[in-house]
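What follows is a short report on a single structure.
The values are calculated or read from the model by the stated rules, or taken from the named source; none is laboratory data. Values in this document were obtained by computation on a predicted structure and should not be read as measured data. Using ideal geometry, Cβ is built from the backbone for each residue, glycine included, and neighbour counts are taken over all protein chains shown. For the accessible areas, the whole protein counts, side chains as well, though only heavy atoms, and no ligand, DNA or RNA atoms are used. Shrake-Rupley method; radii C 1.70, N 1.55, O 1.52, S 1.80 Å.
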Amino acid sequence: MRADAPARRRTVSGFFGGHRAERGAPAASEPSTHADAFDAADAPGAAVSPEHPETPETPERERTAEGGASSGTERAPSAPDSDGEGAGEQLAATVDLSEVRSGGGALARANRSADPVREAEQRMRTAQRQLKRRERRERRRFSFASRRRRRWWLVAGGAVLALAIFVLAGVFTPVMSVRNIEISGASAVNPADLQQALDRFSGTPLALVDDGEVRGALEPFALVERYAVERIPPDTLLVRIEERVPVISIGDDGAYQLYDAAGVLVGSAEAPPAGVPVADGRAKDLGSEAFASAARVLRDMPAELRAQVTAVSASSGQDVLLALTNGAEVMWGGPEDTARKAIVLTTMFSSLAERPVSYLDVSSSEAPVFR
């Protein structure tokens, strides 16, 4: 580059240059700091002034507002040199601002992405979102468990309510009142008499039938030893009867009074019936220990064996003596272990069937004696 040639300056035209053109002020040229400034004389196609052969001539372009807005590359008019000489117009290289802006945005994004504070905040937000999702899952899980518990409580409450309604309907309404009275187990006692005694409970709700009142209705019947009451919905009252069984008879003026094990008079007969032995000795006294032991022994032994006994005697509660239909006598002893003694006696009868036996002692079931 020659020293007397005006230096070519690079200016930035575009948005700012267009506005200068609109105001009518030429763009001021600035000294170039770039090393790539070139001489206009060296540029291809440059015209040489006849007065200044070394100075290239360049056509001058007027910059208007339209040109500044439509093109990003323009040439600004050159300013006169400091020494007053017109050096002609200067050629200025331009830069597109959109590239600068886009490059600056990428750089800013890169700086933001490299910022540790922003990265920590991003991780914090991600962790918070994950925590919220986990909390929502936990709430759903616990809400399902609570709904299930609520459902079970509703089912249980409904069952209790239905039961309460059923009980109230049975107690306070005639829907479940007594209409049928059934009697079971009555043979010696006339069932018609029992039915008449229990008719007082007709129309009474099943739940309100009192066992004490049933007992009062059955007390006049001496042959009734035990009873049980069953309430069968919707309207049936079942009374089970267990009658007294005569186990011992006591002769009195040609007649025989039949008693059960409790000493209750069951009936009378002209002759002692089978299976009801005749009491002898102190066993005739209803209030004695001998009678209580003898009656208990006869009650607890099997009916098949009792049918073979014709008489019973005792002087105390531990020396009950039985007389059998075959003429043999059996020392039974006390009322303890009656079932075991009955088994031992039956076994001895089977073993001694071919031998005549007049006396057997089973008071000690572990060591029976016979002769």
Per the list (1) crowded, with 19+ Cβ neighbours inside 10 Å; (2) among the acidic types (Asp, Glu); (3) under 30 Å from Glu354 (Cβ atoms), residue check on Asp300 breaks on (1)
Looking at Val276, is it touching a residue at least 60 places away in the same chain (Cβ under 8 Å) and either under 22 Å from Glu243 (Cβ atoms) or open to solvent by less than 40 Å² (accessible area, probe 1.4 Å) (or both)? no
Test Asp210 against the criterion of being charged (D, E, K, R) and closer than 30 Å to Gly334 by Cα, and give yes or no. no
Residue pairs within 7 Å by beta carbon, gap of at least six or interchain, first lying in region 200-229 and in contact (Cβ under 8 Å) with a residue 12 or more places away in the chain and of a type outside the set (Val, Ile, Thr), second assigned to a loop (DSSP other than H, G, I, E, B) and surrounded by fewer than 12 Cβ atoms within 10 Å (Cβ to Cβ), listed first then second, are Leu206/Pro233
Val245 meets each of (1) at pLDDT 90 or above; (2) crowded, with 17+ Cβ neighbours inside 10 Å with one exception, condition (1)
Going through region 261-273 in order, the residues found to be surrounded by 19 or more Cβ atoms within 10 Å (Cβ to Cβ) and closer than 30 Å to Phe201 by Cα are Val266
A careful count of residues in region 305-358 that are over 17 Å from Ala261 (Cβ atoms), of a type in the set (A, V, I, L, M, F, W, C) and touching a Leu at 6+ places or on another chain (Cβ under 7 Å) gives 5
So, Gly170, is that one part of a helix (DSSP H, G or I), touching a residue at least 12 places away in the same chain (Cβ under 8 Å), farther than 30 Å from Leu265 by Cα and within 44 Å of the chain's Cα centre (by Cα) or not?
yes
Here the residues within region 188-239 that are among the aliphatic types (A, V, I, L, M), open to solvent by 40 Å² or more (accessible area, probe 1.4 Å) and assigned to a helix (DSSP H, G or I) are Ala192, Ala207, Leu208
Kindly establish whether Pro233 is closer than 23 Å to Leu305 by Cα and of a type outside the set (Asp, Glu). no
Here the residues within region 156-187 that are over 19 Å from Pro234 (Cβ atoms) and open to solvent by less than 90 Å² (accessible area, probe 1.4 Å) are Ala156, Gly157, Gly158, Ala159, Ile183, Ser184, Gly185, Ala186
Residue hits (region 333-346; open to solvent by less than 80 Å² (accessible area, probe 1.4 Å) and not in a loop (DSSP other than H, G, I, E, B)) are Gly333, Thr338, Ala339, Lys341, Ala342, Val344, Leu345, Thr346
Filtering region 307-328 down to residues that are of a type outside the set (S, T, N, Q) and either within 21 Å of Ser288 (Cβ to Cβ) or in contact (Cβ under 8 Å) with a residue 60 or more places away in the chain (or both) yields Val309, Ala311, Val312, Ala314, Gly317, Asp319, Val320, Leu321, Leu322, Ala323
